[in-house]
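Below is one structure; the comments refer to it alone.
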Amino acid sequence: MFITSANLDIVFTGFKASFSKGFAGAATAYRDIATVVPSTTREEVYGWLGQFPKMREWLGSRVIKNLAAHGYKIVNRDFEQTVSVPRNDIEDDRFGLFGPMLEEMGRAAAETPDELTFALLAAGFTEAGYDDQPFFDTDHPVGTSGGDYPVRSVSNFQGGSGEAWFLLDCTRPIKPMVFQERRPLGALVSKTRPEDDNVFMNKEFIYGSDGRCNVGFGLWQLAYASKEELTAETYEAARIAMQSMRGDEGRPLGIKPNVLVCGPNLEGKAMRLLNNGSRVVTVGEGELPVSVQNEWAGTAKPIVTAWLAD
């Protein structure tokens, strides 16, 4: 191929198509557990976190609630990926070899929100949420000082020392996690002009993508973590704990856990617990196990992800 601006535009169009194909074909799950929030500056402050809106009977004047100024802040981060293609390969019509690489770049860009979101979820045992407590903790303060419902500690961590799994309520507009997007990750750009240093000095055409985003925690009340063995009994206890949660005024929050997140090691247990129509139980000591109806089938969507960094 004779290197001209028009021919390079044709090559770039093909590369963009490959990148877009990879981006569109990536299977992602972050939107299932994270509220996607557009960002307009370098950071966003989520002062409203901690409030659960509730209707009340209108008797007398309205009761105005100030949004708690928690000052929970998510600062956008920059992400990029860049590859170089030898000019001679384009000149020798070998650019078709690079289509799969550009497609893989698109897939990697699309999976970045998953990687960030689930890694932060797994780090919730040490990383703080809006109340300055670890997101998964045994003593979140709930209540109002001097009010009818005094401050007390509430737990969203079941305990244990094994591999973590997570039960989430993702039925609401506000989800347990927040994905903040300043500039999308799905655009491919190029440096192919003859006067570009990479072309002039190194005989390379450069292609890359970038974006600005970050993740943070939403409402801890919508997430429950356990390091106990994933069984019907621990799953039931987690559901009870979540559905029993009350707000600062003592009213039930109406939590509806509907997503279970785990890593590959727990995939089999999660699928058997949530998808099988029956399960095996031991009736009594010395007796043979029997099969009973699985009451937990279909109660939550299993999400198995490799991004739960240990």
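The values are calculated or read from the model by the stated rules, or taken from the named source; none is laboratory data. Everything quoted here is computed from the prediction, not taken from an experiment. So basically every Cβ, Gly included, is an ideal-geometry build from the backbone, and we count neighbours across all protein chains shown. The area values use the complete protein model at the heavy-atom level, side chains included, leaving out ligands, DNA and RNA. Shrake-Rupley method; radii C 1.70, N 1.55, O 1.52, S 1.80 Å.
From the phi of every residue in region 38-44, what ³J(HN,Hα) in whole Hz does the Karplus formula 6.51 cos²θ - 1.76 cosθ + 1.60 yield, where θ is phi - 60° and glycine or proline is x?
After applying 6.51 cos²θ - 1.76 cosθ + 1.60, I find x, 10, 10, 8, 5, 8, 10 Hz.
For region 60-197, rounded, prolate or oblate, judged on the Cα gyration tensor with a ≥ b ≥ c (square roots of eigenvalues), a/c < 1.5 rounded, else prolate if a/b > b/c? Spell out each step's value before the answer.
Working: a/c = 3.86, a/b = 2.48, b/c = 1.55.
It is prolate, given that a/c is not under 1.5 and a/b is the larger ratio.
Given a 1.4 Å probe, how much area per residue of the chain is accessible, in Å²?
Here the residues of the chain average 54 Å² of exposed surface.
Highest mean first, how do 162-172, 242-252 rank when packing is the count of other Cβ atoms within 10 Å averaged over residues?
Descending mean neighbour count gives 162-172, 242-252.
Classify the chain: rounded, prolate or oblate, from the alpha-carbon gyration tensor (a ≥ b ≥ c, eigenvalue square roots; a/c under 1.5 rounded; otherwise prolate if a/b is larger than b/c)? Mind dumping the intermediate values first?
Details: a/c = 3.15, a/b = 1.67, b/c = 1.89.
Cα axes put the chain in the oblate bin.
Roughly to the nearest percent, how much of the accessible area of the chain is carbon and sulfur, given a 1.4 Å probe?
Carbon with sulfur: 51 percent of the solvent-accessible area.
Given 5 Å bins starting at zero, what is the percent of C-alpha pairs of region 180-234 in each, up to the one with the largest pair distance?
That works out to 4, 14, 12, 9, 10, 10, 8, 8, 6, 6, 7, 4, 2, 0, in percent per bin.
Using the beta-carbon distance between Lys73 and Asp9 and R0 = 41 Å, what value does 1/(1 + (r/R0)^6) give for FRET efficiency, to the nearest 0.05?
Values: r = 42 Å, r/R0 = 1.03.
Approximately 0.45, to the nearest 0.05.
Could you work out the per residue convex hull volume over the alpha carbons of region 157-310, in cubic angstrom? Let's see the in-between values first.
Values: hull volume 29.7 nm³, N = 154.
Given the Cα convex hull of region 157-310, per-residue volume reads 193 Å³.
Mind checking which of Arg152, Arg31, Arg77 has the largest fluctuation in a GNM of the chain, springs on alpha carbons under 10 Å?
Top of the fluctuation ranking is Arg152.
Can you check what the net charge comes to around Asn214, using other residues whose Cβ is under 15 Å from the Cβ of Asn214 (Lys, Arg +1; Asp, Glu -1)?
Result for the local shell: -3.
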